[in-house]
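In what follows, a single structure is set out as structure tokens and then discussed.
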Amino acid sequence: MARAKGTDRKAEDDYLADVKRKATVSMDMLDQARRSAQRWQAYYDGDQWTDAEKRTLDARGQPALSFNHIKPSVNAIIGIVERGRTDPKGWGRTPNDQQAAEVATDGLRYVSDVTRFNATARECLQDFLIWGIVAGINEQDENGEFGIRRIRPEEFFYDPYSRDRDFGDARYMGIAKWMDEQDLVDLYPDQQDKIKQSFDSATTGDSFKDRPRDGWSWIDVKSRRIMCFEMYSRKAGEWRKCVFVYGGVLEEAPSPYLESKRKRPRNPIQAHSAYVDIDNQRYGVVKDMVSPQDAINKARSKAVHILNVSKLRVSRQVQDIDGVRREWAKPDGIIEADEGQIEELGDRQLAPAHLELLRDAKEEMRRQSPTPGIVGRQGSAQSGRAILAEQQAGLTEQAPLLAGFDDWKLRCYRAMWESIKQFWTAPKWVRVTDDEMSPRFVGINIPEPVVDPMTGQPQIDPATGQPITQVQNNPAEMDVDIVIDSTPDTAVIQEEQFQRLAELAQAGMPISPDVLIEASSLPKKKQLLDKLKQAQDQQSQQPDMAMQAEMQKAQMQMQAEQQKLEMQAQAKAQDLMREDEADQRKTERAMQLADIQFKYDIERLNRQAEIETGKAQAMLEIKRAEKMADLEFGMQSKQLDFEFKAREADHNEARKKMAEGGEGGESSSDLT
């Protein structure tokens with residue numbers, strides 16, 4: 001058992017030595033790049049003279065002028081990215097994945113809004129342009145959402161032998177952060193001994209400062225602060241997390257963030273570089289702006305100094321040299337001297353040369369900065385479409401730089417989607433704010449009953465007697481591709497349309513105020529439109545005093561007329577009542593007559609019906625009799641015909657016999 005403990009202790013010490021070696025190599029090799037980046041940050045902040053240069057200028061009496069051209073140039077690039085809105089969008093890989101793609105889009109935009117990823121990306125873009133590195137870690141925030149947290153460039157360390165801009169070939173990377181000793185103990189109370197041991201065994205280096213300029217150290221003894229490393233390293237295709245200080249490892253385990261397909265631990269840090277030189281040093285656009293900025297500051301400082309000072313050659317006959325110096329420095333000074341006794345020997349002839357250098361430096365700075373067409377500095381006479389076309393043409397120069405930042409944002413969105421698929425397992429409702437007028441709610445992991453297609457009723461589990469349910473919109477089962485949906489900047493065109501509408505309204509065309517507000521780019525247009533509508537409603541409901549007086553006068557006249565009409569109506573009503581009584585009697589008589597006439601008509605119709613029925617029966621009897629007569633006549637005819645034929649046959653027979661009898665008599669007589 002003791003041997004096993006010793007083996008584990010040795011393995012832990014070896015592992016600690018390995019991660020400390022990686023951290024030390026990274027911090028040492030990246031120290032020069034970090035110092036250069038800090039200098040670029042100082043130039044952006046306006047601190048553009050070193051202490052030695054300031055001392056030299058102060059001794060010379062020359063002003064240390066700074067005209068910051070770097071900050072507007074960097075901010076212009078940030079403005080370009082801000083105007084071109086980009087949002088995540090999911091695309092289904094099959095026609096059946098369309099609904100899943102919409103859910104993925106809504107989920108990502110919800111996480112982006114809740115975690116304020118757009119604000120984080122704006123700060124990261126500034127790091128990208130100045131330091132040349134942008135880094136963010138996909139982790140859970142205080143609200144429980146898995147967004148992207150910005151990693152400060154000075155706290156980001158990585159494999160110094162990595163060459164790819166996206167750090168795809170880096171073996172490790174992480175965060176090196178100064179922390180208060182007690183805060184670290186609160187995070188890892190079980191590792192208090194290792195934290196304390198760091199202050200006993202670590203070397204402080206050459207600085208006790210929290211952010212040293214001449215190197216880095218593990219601890220700050222004076223303020224009891226310690227350098228804590230959170231490292232993610234790749235081993236056998238999997239990423240592992242290690243949190244350590246000089247005295248030991250505080251946490252070591254596979255990365256808690258998994259790939260959705262292969263279920264392997266992944267690296268939650270997403271990083272990208274603007275440019276990488278041949279020595280693997282990362283840098284941004286400010287590096288190329290430093291030299292033109294120095295030329296601008298020094299040329300202007302020198303020109304101002306030359307114009308403000310001058311040299312004099314004074315004859316020995318002049319007694320009060322200090323008085324001459326004082327009077328010469330005054331704009332209205334008076335000097336008593338003969339001609340030729342005082343001669344100016346200044347370098348003012350060199351001022352035009354310095355001003356020419358200043359113009360060249362400004363031109364070079366403009367070349368390094370976004371073109372005026374991109375930021376809309378070409379004047380207001382251009383149309384919105386012309387400005388937009390010129391901006392699109394000018395963006396060609398910034399395309400490689402901004403494409404790298406867009407790739408970083410895309411990888412951040414995909415990392416957030418991986419976290420959604422892994423950690424969104426409970427039912428959840430997502431509020432989508434793409435349209436502030438009509439927000440939508442999307443259900444995630446919502447159980448719904450399974451409906452029997454034959455009966456249309458929910459299916460019941462025979463074992464439990466409960467309805468069978470299935471989970472709808474489960475992110476873990478969605479197979480979608482995440483892309484960035486870019487929306488072009490149409491602000492200039494919208495502004496142009498608003499100006500045209502305003503000009504038409506000034507020319508007298510009836511354009512309602514709500515149309516102008518809707519076409520404008522004013523913030524909170526909906527609230528303004530609601531207030532305008534409310535004011536219009538109140539104005540329509542509350543007429544002015546003159547109208548009220550006219551209405552009251554008209555109302556009194558109407559009341560008088562109404563009383564007069566009521567009296568006339570009462571008199572007419574009485575006349576009508578008398579007329580109604582007479583009319584009522586007439587009506588009753590008419591109704592009686594109508595009743596008698598109705599009964600008569602019914603009786604007449606009944607009789608006609610009986611007659612018609614009798615006629616029909618008689619006709620039927622006649623036709624029946626005719627048919628019987630025809631039948632009897634036919635039968636009698638046939639009988640007579642038969643009898644006639646029988647008689648004729650008998651007659652023929654008799655004639656035949658008579659003939660035969662006559663012939664026999666003759667022969668008998670002959671014989672006689």
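Listing for the model above:
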read-out	value
Set of lysines with alpha-carbon distance to LYS302 below 29 Å, sequence-local pairs under 8 removed	LYS54, LYS71, LYS287, LYS311, LYS330, LYS362
Added length on full extension, which subtracts the Cα-Cα distance from 0.36 nm per residue, LYS627 to ASN75	186.7 nm
Entries in LYS194/LYS263; LYS89/LYS177; LYS241/LYS421; LYS10/LYS196; LYS20/LYS261 that, when Cα-Cα distance is taken, lie over 30 Å	LYS194/LYS263; LYS89/LYS177; LYS20/LYS261
Difference of contour (0.36 nm per residue) and Cα-Cα distance, VAL290 to GLN534	82.2 nm
Fully extended contour minus Cα-Cα distance, from LEU640 to GLU53, at 0.36 nm per residue	194.9 nm
Förster-model FRET efficiency, 60 Å R0, TYR188 and ARG359, C-beta, rounded to 0.05	0.50
Rule-of-thumb Rg ratio for region 37-128 [Cα; 2.2 N^0.38 Å; N residues]	1.85
Spacing of the two label points (7 Å from each Cα toward its C-beta) at MET558 and ASP200, in nm	10.0 nm
Whole-number D in µm²/s for region 99-144 (Stokes-Einstein; Kirkwood sum over Cα pairs; 20 °C, 1.002 mPa s)	176 µm²/s
Region 162-202-region 82-130 distance, computed between alpha-carbon centres (Å)	31 Å
Inter-label distance, nm, simple model (7 Å from Cα along the C-beta direction), GLU252/ALA618	13.2 nm
ARG326/GLN99 FRET efficiency (R0 60 Å; Cβ-Cβ; nearest 0.05)	0.10
By average C-beta atoms within 10 angstrom, highest first, the peptides 466-479, 98-111	98-111, 466-479
Distance between modelled label sites at ARG122 and ASN68, nm, 7 Å Cα→Cβ extension	1.7 nm
Listed peptides 68-79, 190-201 by packing density, highest first (mean Cβ within 10 Å)	68-79, 190-201
Heavy-atom accessible area per residue - region 19-175, 1.4 Å, Å²	45 Å²
Calculated FRET value between ASP8 and LEU504, using beta carbons and R₀ = 60 Å, to 0.05	0.15
For region 15-173, alpha-carbon Rg over 2.2 N^0.38 Å	1.41
Ranked by how many other beta carbons lie within 10 Å on average, peptides 126-139, 232-245 from highest	126-139, 232-245
Accessible-area value, ILE460, 1.4 Å probe, nucleic acids and ligands omitted, Å²	90 Å²
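The values are calculated or read from the model by the stated rules, or taken from the named source; none is laboratory data. Values in this document were obtained by computation on a predicted structure and should not be read as measured data. Neighbour counts are summed over all protein chains in view; Cβ atoms, including those assigned to glycine, are modelled from backbone coordinates with ideal geometry. Keep in mind that these areas ignore ligands, DNA and RNA; they rest on the heavy atoms of the full protein, side chains included. Shrake-Rupley method; radii C 1.70, N 1.55, O 1.52, S 1.80 Å.
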